[in-house]
1. Take the residues of the stretch 74-84 that are assigned to a loop (DSSP other than H, G, I, E, B) and more than 13 Å from the ligand (Cβ to nearest atom): which is nearest to Val235 (Cα to Cα)?
2. Please work out which one of (1) of a type outside the set (Phe, Trp, Tyr); (2) away from the ligand (no atom under 15 Å from the Cβ); (3) touching an Asp or Glu at 6+ places or on another chain (Cβ under 9 Å); (4) not in a helix (DSSP H, G or I) is the condition Ser157 fails and give its number.
3. Given the structure, is Leu198 crowded, with 21+ Cβ neighbours inside 10 Å, of a type in the set (A, V, I, L, M, F, W, C) and either away from the ligand (no atom under 16 Å from the Cβ) or modelled with pLDDT under 95 (or both)?
4. Checking the conditions here, which among Asp500, Asp525 is in contact (Cβ under 8 Å) with a residue 40 or more places away in the chain and of a type in the set (Asp, Glu)?
5. Report yes if Glu163 is more than 27 Å from Ala433 (Cα to Cα), buried (at least 24 other Cβ atoms within 10 Å of the Cβ) and either away from the ligand (no atom under 16 Å from the Cβ) or within 16 Å of the chain's Cα centre (by Cα) (or both), otherwise no.
6. Take the residues in the stretch 419-451 that are on the phi > 0 side of the Ramachandran plot and assigned to a loop (DSSP other than H, G, I, E, B); name whichever of them is nearest to the ligand (Cβ to nearest atom).
7. Has the stretch 134-155 got any residue that is farther than 22 Å from Tyr512 by Cα, touching a Pro at 6+ places or on another chain (Cβ under 6 Å) and assigned by TED's automatic domain parsing to the domain that holds Pro83?
8. Listed residues Leu52, Leu130; which is away from the ligand (no atom under 15 Å from the Cβ) and assigned by TED's automatic domain parsing to the domain that holds Glu186?
Amino acid sequence: MLLLLFLILLSPLAQADSYHPPISSGYGNWSTAYEKARHFVCGLTLTEKVNLTTAVGTGQTLGYTLGIIPRLNFRGISNDDSPTGVRGTDYSSAFAPGLNLAMSWDRNLIYAQSYANGAEHKAKGINVALAPVSGPLGRSPEGGRNWEAFSPDPYLSGIAFGEAVSGMQASGAAAVGKHFILYEQEHFREVVEWNEWLAGPNITEPYSVTCDDRTFHELYLFPWYDAVHRGMAGVMCSYNQVNNTQVCQNDHLLNEVLKGELGFQGFVTSDDGSQHSGIDSALAGMDQTSPGETSPNGVDGFGESFWGPNLTLSVLNGSIPEWRLDDMVTRIMAAYYYLDQDDNYPELNFASSSLETYGYEYPKADVDWQQVNYHVDVRKNHSQIIRSVGANSAVLLKNTNNTLPLRRPKQIAIIGEDAGPSKYGPNGCEDRACVDGTVAMGWGSGTTNFPYLVDPLSAIQRRALEDGSVVQYVLDNWAIDQIGSVSSQASVCLTFINADSGEGYLEIDKNYGDRNNLTAWKRGDEMVKQVAVNCTQTVVIIHAPGPILMEEWIENPNVTAVLFAGFPGQESGNSLVDVLYGDVNPSGKLPWTVGKKRSDYSTDVLYEPNGLVPQLNFTEGLFIDYRHFDQSGIQPRFEFGYGLSYTNFSYHDIRIDEVLAPSATPSSSAASTAVNPSLCPSKSLNPSDYTFPATISSLTDYIYPYLAPSMTITTSLATPTVTIQPRTPSPQGGDPALYDVLYKVKVKVQNTGSVAGQEVSQLYLDLGNGEPVRQLRGFQKPLLKPGQTKDVTFDLRRRDVSIWDVVSQKWVEVTDLGTKIGVYVGASSRDLPLHDEISVSS
Ligand code: NOJ
């Protein structure tokens, strides 16, 4: 029976012939924002409404400016990347990406850094920050954009996603969670990119994913519940198709799941080139076309839009009901009011297309030469947060002979290109798409300009001089003689290796976003082995977007310490020194598994198209990353959740308390009740309301909402050929019962060593029913002084003890299925000294 359920696929998502747009009236704390938005929207003309849905294409911030309404003195809405800081400007910070936030397992740091990032967006005048990222989830370790996101574990990812949204929005900037959904690799995400810019052979449509409904809910959708629950204002729909329908025009995914089941209150915006239709995308639930233009990154799409004038025409001829347009704009404006952006929000003060002080207001049209960059310094004290994230996320994987922390070493050898600066400077390559010098972020749109980059060599040298250490270094991985000489003289050899990945529009060494392998780049393994021949205290420091294979040297007795540092952002060297010298006791843990070989993982990127529309079938189901290693009995090199400290911890006394929550069965998923869709009183229109006004002169490549002269309104289209059933959505985050805490698991954690430290204590559940052997469902990070014991409590919400039932389309508690729950607590997914059970009767 369960197997049967497991095999049922997502409901057929071929081009929908009926649409189910949920109409929100503002759930919970959104109600005031909705009232204001409705009032605002109902006062707009048709073309003003369309203006808010369609970016102008040639504006200052990547062209993503929407809704300038001179009549109301409304300056419009500006969108910009990114997860690591405000993209395309100066005097802003380069934060650590989602990877390091997840490695920290620290809710407070995730919130604090996200707040700081949001505050910088706001101070630069950006209303909408295109972050945080939880898609890709990280199905395959090779995935190019995994570093922008958190973890292939949906629970860790969900907690991090929720904190990041809350932190960012507390600053006043709107957070757009991206990329929704099942966008798990870079290869074949866009036709233009793959066929014309990259390697071929040609494809005709972006890749399409097939994934069973239970896996979809329990892995890939799971984190989105948390982010929506925390009030996320926007969602970006992704490039890929699902069941051969583009996500951005997928009624099931946007209308039924995101806005219906999850009760998402905000707006759905497209990615560059992820919108493939005008009418379908509007009816399926897309609310805003963020780039405005039709084609990715403007390639042959300048000035052309699926919306803009086409949306105006579609409303006039009845292809799209006006209430859908009203709903789109209400959602966009509700987000604006939800974040109080009507109250003195800073003016946009930079142009992401250039760092020059003067430039064109409309760069593609070469019009309006003026001051476009005001070089506002928005960094405040954020370097301290970044340094703290870097230090508290570093994962210590090996530490024998008490190699670390360093204690005034007599002579230090620093080896490897990754220790030093790039000869082109920290921003020398387009969107960071080169590996030269130390790597502190991946490449693509998830990057930002470094205001500076503290490389490890400078930071270590500064510290070593205080101690009177001798420092020698070799920054050329191929300088074999010099490496041999320097490493044989030193008392400790800090050896830096790296790997990189990024977004598919740029490549390094034929890595088209996704990594081609899981090994260290640039002779990394050879270099470590060479150093270890001469140096009995070889410390390996890794900067990489995910796991790398270490088998060639990890058991070498001269490799006495290994530190995985991820991509720490601008304070890279300083945060590393904090850990190497013990000013910060390492407390990061792996947010994924380090396998012994690539084939140990159950998943990989599809590198060669398997058809004109590449098909990705997620046949591994729930069993990705550690879930697969556990299921298949594969011994990893370092398991999910692993990480050492300079002290030791012990775990005692597990106790489970049932909380008297109201018994409730989460209601059925999809929005179900039909509603009256009329949002604004209808107004009579005359042609002057939608034809190009004689008073303005048209700019090249600027997307206007007015009908082009060639457009005629044919009323024959007024009878829609599709069924459109407006619905009421669920409350924000889905059924509130899913968030009831049903059990509290209490344990004692003791620091048994001699220095203070933080311990990421982890709770895993065995839910039976074909679920993974164990899955993470709780973590806490107590700080403990030497000898100190603390009580640590894990709250288990209803959703945490439930599985997705594909037949009833509900989350069902496994105890209601007659299954007792195994509860395990400890230091990693494979070091779980405490065990108890939640019985069926409880
Ligand atoms: C494409 C990327 O996929 C997305 O993450 C980003 O926000 C947009 N480009 C804008 O740069």
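The values are calculated or read from the model by the stated rules, or taken from the named source; none is laboratory data. As the structure is a prediction and not an experimental result, all values here were calculated from the model. Here Cβ is always computed from backbone atoms with ideal geometry, including for glycine, and neighbour counts include all displayed protein chains.
1. Narrowing the stretch 74-84 to residues assigned to a loop (DSSP other than H, G, I, E, B): 75-76, 81-84.
Those left that are additionally more than 13 Å from the ligand (Cβ to nearest atom): 75-76.
Numbers: Arg75: 22, Gly76: 19 Å.
Among residues in the stretch 74-84 that are assigned to a loop (DSSP other than H, G, I, E, B) and more than 13 Å from the ligand (Cβ to nearest atom), the one nearest to Val235 (Cα to Cα) is Gly76.
2. Looking at each condition in turn, Ser157 falls short on (4).
3. Working: crowded, with 21+ Cβ neighbours inside 10 Å: no; of a type in the set (A, V, I, L, M, F, W, C): yes; either away from the ligand (no atom under 16 Å from the Cβ) or modelled with pLDDT under 95 (or both): yes.
Criteria not met by Leu198.
4. On the way: Asp525 fails: in contact (Cβ under 8 Å) with a residue 40 or more places away in the chain.
The match here is Asp500.
5. Details: more than 27 Å from Ala433 (Cα to Cα): yes; buried (at least 24 other Cβ atoms within 10 Å of the Cβ): yes; either away from the ligand (no atom under 16 Å from the Cβ) or within 16 Å of the chain's Cα centre (by Cα) (or both): yes.
Yes: the conditions hold for Glu163.
6. Of the stretch 419-451, the ones on the phi > 0 side of the Ramachandran plot are 425, 431-432, 437, 444.
Now narrow it down to the ones that are assigned to a loop (DSSP other than H, G, I, E, B): 425, 437, 444.
Numbers: Gly425: 22, Gly437: 25, Gly444: 7 Å.
Among them, the one singled out is Gly444.
7. Within the stretch 134-155, the first condition is being farther than 22 Å from Tyr512 by Cα, and the residues that meet it are 153-155.
Right, trim to touching a Pro at 6+ places or on another chain (Cβ under 6 Å) and you get 154.
Cutting the leftovers down to assigned by TED's automatic domain parsing to the domain that holds Pro83 gives us 154.
Yes: one or more hits.
8. Values: Leu130 fails: away from the ligand (no atom under 15 Å from the Cβ).
Result of the check over Leu52, Leu130: Leu52.
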